[in-house]
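Scroll down for the structure; my scribbles are underneath it.
The values are calculated or read from the model by the stated rules, or taken from the named source; none is laboratory data. All figures in this text were calculated on a predicted structure; none of them were measured in a lab. As a convention, Cβ positions derive from the backbone with ideal geometry for all residues, glycine included, and neighbour counts pool all protein chains shown. To get the accessible areas, we keep the full protein, side chains included, count just its heavy atoms, and leave off ligands, DNA and RNA. Shrake-Rupley method; radii C 1.70, N 1.55, O 1.52, S 1.80 Å.
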Amino acid sequence: MTALEQQQLGKTLWAIADDLRGSMNADDFRDYMLSFLFLRYLSDNYEQAAKKELGGDYPVLDVTDKRTPLAIWYEENAADVLEFEKQMRRKVHYVVEPQHLWTSISELARKQDEELLTVLQQGFKYIENESFESTFQGLFSEINLDSEKLGKNYTERNKRLCTIIQKIAEGIAKFSTNTDVLGDAYEYLIGQFAAGSGKKAGEFYTPQQLSTILSEIVTLDSQDPSLGKRKKIDKVLDFACGSGSLLLNVRRQLGAFGIGKIYGQEYNITTYNLARMNMLLHGVKDTEFAIHHGDSLANDWDILNEMNPAKKMEFDAIVANPPFSYRWEPNEVMAEDFRFKSYGLAPKSAADFAFLLHGFHFLSSNGTMAIILPHGVLFRGGAEERIRTKLLKDNNIDAVIGLPPNLFFSTGIPVCILVLKKCKKFDDVLFINASGHFEKGKRQNRLRDGKNGEPNDIQLIIDTYKGRPDKIERYARAVSMEEIAQNGYNLNISRYVNTSIDEEIVDLAEVNRQLVDIDKKITEARNRHNSFLRELGLGEI
């Protein structure tokens, strides 16, 4: 499927969502829509694997026969089902019972079968608790099929679900699903729902343009980015992973076999479920990722709480887009936390540095961390100044990248990317001021990607980071630690890379001479003109 067809599939699904959700809140409908898309993906993938596994034994049905081939095989080979499912768990890591497959569910929807709602509930429960060896409990916890938002009683809700599922089935039937297409469509819908959710969207969605920049940077050689991408990363972490798109983007940079294991943490239960589905939808096996539902600031994930330094979990790449200036409640115990002890606590009013220090603690000695933060972390005083100064004196801040305003759905404030390393080759800090390189949009601004001959703002940032030039006029500069120290460890980007164009120096004496000359010519011209008027007997001017 081409990129254009993938885009069309996303738009088709969005049109269905927009048409069907009626008075339902966009966030509520998002959960239904994305869950059905997820079921469709699991079903297609499972049926293809089953067909391959059974070979010639896979039933071939007449085109008019609407039954599911696998359901017939189950009926005719009941004694072999257990062994078959064991084999499928080894091959695709999960099982979907024939009656819960999308083809079965969509057929019930087409027939307006009154059992659809019940079967769907059973299917979701089975997938949560039994499909995978590692359970995915609560995966559909945000999908309330008994909600009055779908209808006042069972009959109304069943009828509404029949319509929604039938429309989705018809909408995607003409598109191929043999690649990563549904995964891309899933991400497209997340972006569309994010755009329609306003400020709430900041909780779970990082614009793809920023996601690309972060993921490219952390996959480059950590000591010398100009050498290009690393071949393999053992572990990658996003401790505020939202829907998981940043993690998937890192995986996309290195390919399916370029990352040992993906780790994510998310506090919002809805978004946590979106992330788990998103991973599976993009072909990441359940053994290849771990997404934890919990609070990163409280560090409640057991694997990150190992007190034995020898067993400490470390990551080669860390990416994050945590909530901006999140108000938190640090206490005396936290001041002794191994993540903050050497730096001090971030202020209650803004947890930006608390998030940064959390991730930085788990960065490996040859790893790279890229985090999106508000500009305030670059210059605010007090506790943040102390943390920033220590990071600079320890030579841990590698680059500061200033971005244009209004790139997010959630806020219009300008943000920056901080790139950090525990061991870095360069003694200076690279500043990139990309604040003026964007396309202005009606609701959000956009970093251009070079399509149709337009400038490529995204690639310019990445290339500048890789090349690390001493200076690009009004865009980038490698700044020595001595200069930063002279500025009181203030990292305000405009102090180092000023984008304003110097005004032309005006020679006032020369201007005065020209004005006197012009005045003289005016007087001469008026006198000459008046002499003509006098000859004609007319009044002078």
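Residues that are free of Cβ contacts under 8 Å to residues at least 12 places away in the same chain, exposed (fewer than 12 other Cβ atoms within 10 Å of the Cβ) and in a helix (DSSP H, G or I) occur in the stretch 473-488; there is at least one.
Within the stretch 456-498, being farther than 22 Å from LEU392 by Cα, at pLDDT 95 or above and of a type outside the set (Val, Ile, Thr) holds for ASN456, ASP457, GLN459, LEU460, ASP463. LEU418 fulfils the conditions (1) open to solvent by 30 Å² or more (accessible area, probe 1.4 Å); (2) within 23 Å of the chain's Cα centre (by Cα) except for a single criterion, (1). None of ASP19, ASP44 is more than 23 Å from VAL96 (Cα to Cα) and either without any contact (Cβ under 8 Å) to a residue 24 or more places away in the chain or not in a loop (DSSP other than H, G, I, E, B) (or both) except ASP19.
Would you mind stating whether PRO455 is in contact with a His (Cβ under 6 Å, 6 or more places away or on another chain) and open to solvent by 10 Å² or more (accessible area, probe 1.4 Å)? Judged against the criteria, PRO455 is not a match. Under the condition of being in contact with a Lys or Arg (Cβ under 8 Å, 6 or more places away or on another chain) and of a type outside the set (A, V, I, L, M), the residues counted in the stretch 447-468 number 4. With respect to the conditions (1) surrounded by fewer than 18 Cβ atoms within 10 Å (Cβ to Cβ); (2) free of Cβ contacts under 8 Å to residues at least 40 places away in the same chain; (3) closer than 24 Å to LEU227 by Cβ, LEU460 falls short on a single one, namely (1). A search for C-beta distances below 6 Å between a residue of the stretch 130-159 that is open to solvent by 100 Å² or more (accessible area, probe 1.4 Å) and any residue that is modelled with pLDDT of 90 or more, counting only pairs 6+ apart in sequence or on different chains, returns GLN137/GLU128. Which numbered condition in (1) under 30 Å from ALA383 (Cβ atoms); (2) among the polar types (S, T, N, Q); (3) outside any helix (DSSP H, G or I) is the only one that SER494 fails? It fails just one condition, (3). Screening the stretch 231-337 for strands (runs of 3 or more DSSP E) wholly inside it with 1 or more residues that are open to solvent by 50 Å² or more (accessible area, probe 1.4 Å) returns the ranges 233-238, 259-266, 289-293. Every test in (1) within 55 Å of the chain's Cα centre (by Cα); (2) open to solvent by 90 Å² or more (accessible area, probe 1.4 Å) is passed by SER500 save one, and that test is (2).
Kindly evaluate PHE140 against the criterion of being closer than 25 Å to ILE168 by Cα and in a loop (DSSP other than H, G, I, E, B). It is true that PHE140 is closer than 25 Å to ILE168 by Cα and in a loop (DSSP other than H, G, I, E, B). Residues in the stretch 12-68 that are at pLDDT 85 or above and touching a Lys or Arg at 6+ places or on another chain (Cβ under 6 Å): ALA49, TYR58. Please verify whether LEU345 is open to solvent by 10 Å² or more (accessible area, probe 1.4 Å) and either at pLDDT 95 or above or part of a strand (DSSP E or B) (or both), treating the condition exactly as stated. Yes; evaluated as a whole, the condition is true for this residue. Within the stretch 209-230, the set of residues being touching a helix residue (DSSP H, G or I) at 6+ places or on another chain (Cβ under 7 Å) and in a helix (DSSP H, G or I) comprises GLN209, SER211, THR212, ILE213, LEU214, SER215, GLU216, ILE217, VAL218, THR219, PRO225, SER226.
Can you tell me which residue is modelled with the lowest pLDDT among those in the stretch 425-440 that are over 21 Å from ASN406 (Cβ atoms) and open to solvent by 50 Å² or more (accessible area, probe 1.4 Å)? Across the stretch 425-440, the extreme among qualifying residues is LYS425. Only one entry in GLU97, GLU115, GLU53 is open to solvent by 40 Å² or more (accessible area, probe 1.4 Å), closer than 23 Å to SER141 by Cα and in contact with a helix residue (DSSP H, G or I) (Cβ under 9 Å, 6 or more places away or on another chain), namely GLU115.
In a loop (DSSP other than H, G, I, E, B), among the aromatic types (Phe, Trp, Tyr) and buried (at least 16 other Cβ atoms within 10 Å of the Cβ): does that describe PHE124? No; evaluated as a whole, the condition is false for this residue.
Only one entry of ARG443, ARG380 meets the criterion of being farther than 19 Å from LYS466 by Cβ, crowded, with 19+ Cβ neighbours inside 10 Å and out of contact with any Phe, Trp or Tyr (no Cβ under 6 Å at 6 or more places or on another chain), and that entry is ARG380. Only one of the numbered conditions (1) open to solvent by 70 Å² or more (accessible area, probe 1.4 Å); (2) within 21 Å of ALA173 (Cβ to Cβ) is not met by ASN25, and that is (2). Residues in the stretch 356-392 that are out of contact with any Cys (no Cβ under 9 Å at 6 or more places or on another chain), under 19 Å from ALA485 (Cβ atoms) and of a type outside the set (Val, Ile, Thr): PHE379, ARG380, GLY381, GLY382, GLU384, GLU385, ARG386, ARG388, LYS390, LEU391, LEU392.
Residue-by-condition table, conditions (1) within 20 Å of ASP463 (Cα to Cα); (2) touching a strand residue (DSSP E or B) at 6+ places or on another chain (Cβ under 8 Å):
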site: ILE372; (1), (2): yes, yes
site: HIS375; (1), (2): no, yes
site: GLU385; (1), (2): no, no
site: LYS393; (1), (2): no, no
site: ILE397; (1), (2): yes, yes
